[in-house]
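Following: one structure in structure tokens, then a few remarks.
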Amino acid sequence: MELWKLGVAETLRGYREARFTPEDVLQGLLDRLAQVNPVLNAVVTYNEVEARDLARQSALRWRAGAPAGALDGIFMTVKDNIPVRGLRCTWGSRHYADYVPARDESPIAHLREAGVGILGKTNVPEFTLQGYTDNLIFGPTGNPWNPDLTPGGSSGGAVAAVASGIGVAAIATDGGGSIRRPCAHTGLYGLKPSPGFVSRVDGLPQILSDFETLGVIARSPADLRAVLAAAARRDPLDRLSFAFTDTQRGETLGAEQGRRILFVPAFGDFPVDPDIRRSAAGAARLLEGLGHHVELGAVPFDVERLNAIWNLVGPVGLAWLADSQGLDVQQMTPSLRPMVDAGRSAAATAYVQLLTDVRELRAELARIFERYDFILTPSIAALSWPKAESHPSVIDGVAAGPRGHAVFTPFANAGGLPGINLPAAPAASGLPIGCQLVGPFGSDLRLLAMAEAYEEAFGPYVWPALQAEGSRRET
């Protein structure tokens, strides 16, 4: 039995039935890490000593019939912009290369209390502000379906780890699509929660405000639910956080039939790869077959205004970080340096206008959700591209800018909405494709229930045929 392939429920069942131990599972994961990480460069800081100690203690607890919590002996990775005590947290930047936090960010502390073991930290682009995964410290991360290509970003290391079997799940962040798009590129499920669903205390500076939330990446919705149930607690030090009762955490919300879904396959004239268009249409038909009312429509908000919001919030946040921390901009990734200049030159009145536009967008989206339960779009506009390139320059024969591949996801972040990636039919080349389902604020559990019903029809996760010495998917 390949223990590294097991999900949360299967692993815990094995512990209860004494068919294997946490030490057995950890050894399988470490063997898998040693096999595939040299190809992928997904995990950049290892935590083997602590993980082995936790596995020993967890095995003793299971033997005594007294697990520490709901996830005792479950192992996962953490994105390298989330502090884990005692492990370096580089944020993909030379400026943080030696930073070792003394405290866990609050969701990590909650997971530890549930018995989770941390395998290591996963690779990110510098300051998690780009849609691929490469930096000046560790270099690029490859996609398990084809390691010459990117898994997207900024959670590229996280999805590469989960997709290839390095941990059952990954803890990551999403500030503009950084969970949903990488999940689409690797065939995974990933939830970008509502602001406050997962509290955030003792984290790095939040340069994207509440646009960025902390969520989970996994191979199944059931694993997503199990990890979120442990991580998502209200924290009085996070004024955005809101409480869920234990009953609400576990509810399935029924069969999730008859939902009203607005399907938007394109955002105006922005190009979309033909394989992605076909795959998204297939996902819409699958949801319709599950008893939902799917309506084809155009993008229901001003995309140009959304882009203006996005083109300002990142540069201003990065410029503030650079100036407040005294960072040497010349030590940054070259493509980030103009962003700092743009942020520094932005007028205060422009930022106030951004805040006004965000409020208006959120009100507009709230009105849309009076008519629809969910919005369905592709998660990505382009298939994976070479891993050392920041973005594809052409999509469907049309020139594309740095965020052309990422056009679909940022509205959920600016809108303060939850969104989940659903794997869809792959491209003709075999590369994964995904669609996002976005709901109103606070509909996180309903999105999980929708994903659970979707998975029953779509089927279980399909593993990439990754070989330790190869760099191509077998076809």
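Numbers at a glance
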{"read-out": "At 1.567 mPa s and 4 °C, Stokes D of region 395-452 from Kirkwood alpha-carbon radius, µm² per second", "value": "98"}
{"read-out": "Whole-number Å³ per residue for the convex hull built on Cα positions in the chain", "value": "134"}
{"read-out": "Net charge over other residues, Cβ less than 14 angstrom from the Cβ of Pro460 (K, R count +1; D, E count -1)", "value": "-3"}
{"read-out": "Local electrostatic count at Ser241 - Lys and Arg +1, Asp and Glu -1, tallied over other residues with Cβ under 10 Å", "value": "+2"}
{"read-out": "Debye intensity ratio I(q)/I(0), log10, region 30-170, q values 0.10, 0.14, 0.21 Å⁻¹ (C-alpha model)", "value": "-0.32, -0.62, -1.22"}
{"read-out": "Placed amide H near Val44: partners under 5 Å, 5+ positions off or other chain", "value": "Lys121, Thr122, Asn123"}
{"read-out": "Two-decimal Rg to Rh for region 354-399 - Kirkwood Rh, Cα set", "value": "1.18"}
{"read-out": "Beta bridges by DSSP in the chain, antiparallel share as percent, to the nearest 5", "value": "65"}
{"read-out": "Interchain or long-range residues, amide H under 5 Å from Thr133's placed H", "value": "Thr141, Gly152"}
{"read-out": "Average accessible surface area per residue within region 385-475, 1.4 Å rolling probe, Å²", "value": "38"}
{"read-out": "Mean Cβ neighbour count within 10 Å, used as a protection proxy, ranking 116-124, 98-106, 208-216 highest first", "value": "116-124, 208-216, 98-106"}
{"read-out": "Calculated P(r) tail over 18 Å for region 327-390, as whole % of Cα pairs", "value": "68"}
{"read-out": "Cα-based shape type of region 167-322, given that a ≥ b ≥ c are square roots of the gyration tensor eigenvalues and the cut on a/c is 1.5", "value": "oblate"}
{"read-out": "Cβ-based net charge around Ile137, under 12 Å, with every Lys or Arg adding one and every Asp or Glu removing one", "value": "-1"}
{"read-out": "Nearby aspartates and glutamates by direct alpha-carbon distance to Lys192 (threshold 14 angstrom, same-chain neighbours under 8 apart not counted)", "value": "Asp174, Asp210, Glu212, Asp444"}
{"read-out": "Under the Karplus curve 6.51 cos²θ - 1.76 cosθ + 1.60, θ = phi - 60°, whole-Hz ³J(HN,Hα) for region 360-365, x wherever Gly or Pro sits", "value": "5, 4, 5, 5, 4, 5"}
{"read-out": "Dimensions in Å of region 360-475 - Rg and Dmax from alpha carbons", "value": "16.8, 53"}
{"read-out": "The chain - mean residue ellipticity at 222 nm from DSSP helices (-39,500 (n - 2.57) per run, n ≥ 4, rounded to 500)", "value": "-11500 deg cm²/dmol"}
{"read-out": "Estimated vicinal HN-Hα couplings, Hz - region 271-277 in sequence order (Karplus 6.51, -1.76, 1.60; Gly, Pro = x)", "value": "x, 9, 4, x, 4, 5, 4"}
{"read-out": "Solvent exposure, largest accessible area first (probe 1.4 Å, DNA, RNA and ligands not counted), of Lys5, Lys192", "value": "Lys5, Lys192"}
{"read-out": "Phi to ³J(HN,Hα) by Karplus 6.51 cos²θ - 1.76 cosθ + 1.60 over region 165-171, Hz, x for Gly, Pro", "value": "x, 9, x, 6, 7, 9, 9"}
{"read-out": "Relative packing of 63-71, 25-33, 405-413, 224-232, which averages over residues the other C-beta atoms within 10 Å, highest first", "value": "405-413, 224-232, 25-33, 63-71"}
{"read-out": "Residues with amide H under 5 Å from that of Gly434, placed H, sequence gap 5 or more", "value": "Ser379, Ile380, Ala424"}
{"read-out": "Highest to lowest packing among 161-173, 332-344, scored as the average C-beta count within 10 Å", "value": "161-173, 332-344"}
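The values are calculated or read from the model by the stated rules, or taken from the named source; none is laboratory data. In this text, all values refer to a predicted model and were calculated from it rather than measured experimentally. Glycine also receives a Cβ, built like all others from the backbone with ideal geometry; neighbour counts cover every protein chain displayed. Remember, those area values only see protein heavy atoms, side chains included, never the ligands or the DNA or RNA. Shrake-Rupley method; radii C 1.70, N 1.55, O 1.52, S 1.80 Å.
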